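Report on the structure given below.
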Amino acid sequence: MLRPDNYRSIEYILSVIREKQITTLFTVPTMLNVFAEYVETDNQNHPKLLATLRVLCVGGMYINNLAFS
C-alpha cells in the first residue's frame, strides 16, 4: 500500500491512512513512538489524524514504555 520511497514519512503514512480509510495498521514499536509523538505535538491542527484506525498491531521488536508514557 505504501510507496517504497516514503514508508518512513509520518506525514505520508497518515495521509494514506486518511485517504484510504485504513482501519488496521501493523507497525513496529519505533514507528509507534513516532506516531505517538507526532499526534501528540500536532493534535491541535489535526484532531482526526487516525479517525478511521480501529486495530493497531505492534510487534517485531522489544516494546518499551516510551509510546505509552
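The values are calculated or read from the model by the stated rules, or taken from the named source; none is laboratory data. Since the structure is predicted, the reported quantities are computational estimates derived from the model, not experimental observations. Positions of Cβ are generated from backbone atoms using ideal geometry, with glycine treated the same way; all protein chains shown enter the neighbour counts. Surface accessibility is based on the protein's heavy atoms, side chains included, excluding ligands, DNA and RNA. Shrake-Rupley method; radii C 1.70, N 1.55, O 1.52, S 1.80 Å.
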Quiz item: Only one residue in I13, I63 is at pLDDT 75 or above and in contact with a helix residue (DSSP H, G or I) (Cβ under 9 Å, 6 or more places away or on another chain), so which one is that?
Solution: I13
Exercise. Could you check, for the stretch 19-40, whether at least one of its residues is in a strand (DSSP E or B), modelled with pLDDT of 85 or more and crowded, with 16+ Cβ neighbours inside 10 Å?
Key: yes
Quiz item: Within the stretch 41-60, how many residues are more than 17 Å from I17 (Cβ to Cβ), modelled with pLDDT of 70 or more and open to solvent by 50 Å² or more (accessible area, probe 1.4 Å)?
Solution: 2
Self-check item: Of all residues making up the stretch 16-31, the number that are touching a strand residue (DSSP E or B) at 6+ places or on another chain (Cβ under 9 Å) and over 22 Å from D5 (Cβ atoms)
Solution: 3
